[in-house]
Structure formats: structure tokens, C-alpha cells
Amino acid sequence: MAKTPWVDQDECISCGLCTENVPGVFRMADNGKAECYNPGGASEDVIQSEAIDMCPVECIHWKE
Ligand code: SF4
């Protein structure tokens, strides 16, 4: 099974970076925190480099 990114919303500071960089995968949820709504919306490389590596609080993780 492909890896799925998930956002630890307890840590997310709602900066919007992941939703701007990878809008096909991440969006802001009703609670104002980022969420992964479409794990297949970008390649794993893009998710890693444009979202996971860029998140200022490192709260996006892979779920195997
Ligand atoms: S980049 Fe990190 S802190 Fe910013 S909105 Fe996304 S998950 Fe939250």
C-alpha cells in the first residue's frame, strides 16, 4: 500500500504552507488546521519535499 501523509493537528500552527505548496493533497479543515484530504494528489517525492520537509513545526508524517 502506498504511504499516506497525515497532519498531527495538535502541532499544526495553521501557517498554510502545505496547502499552498501541495493543494492537491492538503487543505485547511473546518477547525483551521491542515489535513490530508487526498493522499494520491501528488507524488510521494513532492509531498516529502514541498510539504513534509517545509512544515515549520514538522507535524506532517507518513503513515505506512
Ligand atoms: S505546513 Fe505544517 S504547520 Fe503549516 S499548515 Fe501545513 S501542517 Fe500546519
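Is at least one residue of region 50-64 assigned to a strand (DSSP E or B) and over 11 Å from the mean Cα position of the chain (by Cα)? Scanning region 50-64 turns up at least one residue that is assigned to a strand (DSSP E or B) and over 11 Å from the mean Cα position of the chain (by Cα).
Here's the yes/no breakdown for (1) at pLDDT 95 or above; (2) near the ligand (Cβ under 8 Å from one of its atoms); (3) hydrophobic (A, V, I, L, M, F, W, C); (4) in contact with a helix residue (DSSP H, G or I) (Cβ under 7 Å, 6 or more places away or on another chain):
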site	(1), (2), (3), (4)
LYS33	yes, yes, no, no
CYS36	yes, no, yes, no
PRO39	yes, no, no, no
GLN48	yes, no, no, no
VAL57	yes, yes, yes, no
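Summed over region 19-63, residues that are surrounded by fewer than 16 Cβ atoms within 10 Å (Cβ to Cβ), of a type in the set (A, V, I, L, M, F, W, C) and more than 14 Å from ASP8 (Cα to Cα) total 1.
I'd like to know if region 6-16 contains one or more residues that are surrounded by 13 or more Cβ atoms within 10 Å (Cβ to Cβ) and either more than 9 Å from the ligand (Cβ to nearest atom) or at pLDDT below 95 (or both). For region 6-16, residues surrounded by 13 or more Cβ atoms within 10 Å (Cβ to Cβ) and either more than 9 Å from the ligand (Cβ to nearest atom) or at pLDDT below 95 (or both): present. Within region 17-31, the set of residues being more than 13 Å from the ligand (Cβ to nearest atom) and free of Cβ contacts under 8 Å to residues at least 12 places away in the same chain comprises ASP30 only.
Per the conditions (1) part of a helix (DSSP H, G or I); (2) modelled with pLDDT under 95, the sole criterion not satisfied by ALA2 is (1).
The values are calculated or read from the model by the stated rules, or taken from the named source; none is laboratory data. Fair warning: this is a prediction, and the values are worked out from it, not measured in the lab. Here the Cβ is made from the backbone with ideal geometry for all residues, glycine too, and neighbour counts use every protein chain on show.
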